[in-house]
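Okay, here's the structure, questions in a sec.
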Amino acid sequence: MMKITVASGKGGTGKTTIATNLAYLAAQNGRKVAYIDCDVEEPNGHLFLKPLIASSKLIGRLHPRVDEDRCTHCGPCGEICQYSAIVCVGEKVLVHPELCHACGGCVLVCQPGAITEVLRDCGTLEAGNAGEVRFVHGVLNIGEAMSTPLVQQVKAAAPEADLVIIDSPPGTSCPVIESVRGADLVLLVTEPTPFGLHDLTLAVGMVRALKLSLGVVVNRAGSGDNRTREYCQREGIEILSEIPDDRHIAEAYSRGLLAAETVPAFRTALEPLLARFSEDDAS
Ligand code: SF4
Ligand code: SF4
């Protein structure tokens, strides 16, 4: 099985366009493909792949519950919590479940045994099929601050496939690190602009720190300058595909269509990537 994570240093670079179309094309080429949308705060791969959802389940996370009858308002729970998820204020202990990292520290330090851990829903995991593509995504509850635990669950739910394409959240924060962890190849999607290059350098730093293979996909090639190409050359990073700046691709996106179905130039631009996946799989 080959695992590809499609990521980007910032949102709006076309990451999901690349991930969904790659999944679609690879399946058309006869590969057994799974598309896993780990961008749980804003999952939108389903808008393009249009899966039939066959299963849906709530995902829970642990957080502390305080028994007021046992609580002596002594305070160590709030002192150990690094995330201000539990705070002792005078005669009250306030719990903010959405900030809790479920480390269990407050339970350990509560001498009177006033704290128990209870489960709380943080999001939903859905799975199904989009034609030949096996589909999984997670949807984080609105207001939930912690997305990494749901990303872990979404990854763990990946069905059996010989090519798994993971659509990562944008940026370089914890949920992104969780999304790229274990990937055989990380595709960093960028635009050839100064802002795009800045965010690309951050993303490259993250992937290299994790010691993972990486390649770059330049989206809207021809719309900016040459600095992204120069940077990749200097750093010895392979540009695996350059997607032309074509308004038909943007139109397909805005209509919720897979550009690979309607824009031949887009499909052609992705072919080297698909060939690369087949080569890497064979090696
Ligand atoms: S450590 Fe336990 S007993 Fe002390 S304030 Fe916190 S919940 Fe209450
Ligand atoms: S489990 Fe950890 S993160 Fe959550 S409230 Fe307790 S100390 Fe804070």
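Averaging over all projection directions, find the projected area of the Cα convex hull of region 62-119 and quote it in nm² with one decimal place.
For the Cα atoms of region 62-119, the hull's average projected area reads 3.3 nm².
By residue number, which cysteines of the chain lack any other Cys whose Cβ falls under 4.7 Å from their Cβ?
Lone cysteines by the Cβ rule: Cys38, Cys71, Cys74, Cys81, Cys88, Cys100, Cys103, Cys110, Cys122, Cys174, Cys232.
Whole-Hz Karplus ³J(HN,Hα) for region 166-171, in order, using 6.51 cos²θ - 1.76 cosθ + 1.60 and θ = phi - 60°, x for Gly and Pro?
Computed from phi, the couplings for region 166-171 are 9, 9, 7, x, x, x Hz.
Okay, moving on. In Å and whole numbers, how far do the C-alpha atoms of region 35-137 stretch along each principal axis, longest first?
That gives 58, 20, 18 Å along the principal axes, largest extent first.
Could I ask something else about it? Treating only the Cβ atoms of Lys and Arg (+1) and Asp and Glu (-1) as charged, compute the dipole magnitude of region 62-119 about its Cα centre; round to the nearest 20 debye.
60 debye
Compare Ala260, Ala209, Ala250 in a GNM of the chain, Cα atoms joined below 10 Å, and give the one with the largest fluctuation.
In this elastic network of the chain, the residue with the biggest mean-square fluctuation among Ala260, Ala209, Ala250 is Ala209.
While we're looking at this one, here's another question. At a threshold of 8 angstrom on Cα-Cα distance, excluding pairs fewer than six apart, so keeping six or more, what relative contact order does region 1-61 reach in percent?
The normalised contact order for region 1-61 reaches 25 percent.
List the GluC sites (Glu not before Pro) within region 12-87 that fall in a DSSP loop (any state other than H, G, I, E or B) and whose Cβ has at most 13 other Cβ atoms within 10 Å.
Taking region 12-87 and a limit of 13 other Cβ atoms within 10 Å, the loop GluC sites (Glu not before Pro) found are Glu68.
OK, next. Identify the trypsin sites (Lys or Arg not before Pro) of region 199-277 meeting these criteria: DSSP loop state and at most 14 other C-beta atoms within 10 Å of the C-beta.
Sites meeting the loop and neighbour criteria: Lys211, Arg255.
Pull out a ≥ b ≥ c, the square roots of the eigenvalues of the alpha-carbon gyration tensor of the chain, then state rounded if a/c is under 1.5, prolate if not and a/b is larger than b/c, and oblate in the remaining case.
Prolate.
Determine which residues of region 11-42 fall in the zone a paramagnetic label at Phe195 would reach in this model, i.e. backbone nitrogen under 12 Å from the point 7 Å along Cα→Cβ.
Output list for this probe position: 11-13.
Moving on. For His137, what is the net charge nearby, where nearby means another residue's Cβ is under 12 Å from its Cβ and Lys, Arg count +1, Asp, Glu -1?
Once positives and negatives cancel, what remains is -4.
Please determine, in degrees from 0 to 90 and to the nearest 10, the orientation of helix 194-209 with respect to the longest principal axis defined by the Cα atoms of the chain, where the helix direction is its Cα long axis.
70 degrees
Give me a comma-separated list of calculated 3J(HN,Hα) values for region 224-241, in order, Karplus coefficients 6.51, -1.76, 1.60 applied at θ = phi - 60°, integers in Hz, x for any Gly or Pro.
3J(HN,Hα) across region 224-241, in whole Hz: x, 10, 9, 5, 5, 5, 4, 4, 5, 4, 4, 8, x, 9, 7, 8, 8, 7.
Each residue of region 16-28 in order: what ³J(HN,Hα) in whole Hz does its phi give by Karplus 6.51 cos²θ - 1.76 cosθ + 1.60, θ = phi - 60°, with x for Gly and Pro?
5, 4, 5, 4, 5, 5, 4, 4, 4, 5, 4, 5, 4
Suppose a student asked you for the relative contact order of the chain, using Cα pairs under 8 Å spaced at least 6 residues apart; what percent would you report?
26 percent
Using the crude model of +1 on Lys and Arg Cβ and -1 on Asp and Glu Cβ, and no other charge, please compute the dipole size for the chain relative to its Cα centre, in debye to 20.
That gives the chain a dipole magnitude of about 160 debye.
For His96, what charge total do you get from the other residues with a beta carbon under 12 Å from its beta carbon, if Lys and Arg give +1 and Asp and Glu give -1?
Counting the neighbours of His96, the net charge comes to -1.
Express the relative contact order of region 1-130 as a whole percentage, based on alpha carbon pairs under 8 Å and six or more residues apart in sequence.
29 percent
Values in this text are rule-based calculations from the coordinates and carry no lab data. Given the structure is predicted, the values throughout are model-derived calculations rather than measurements. Positions of Cβ are generated from backbone atoms using ideal geometry, with glycine treated the same way; all protein chains shown enter the neighbour counts.
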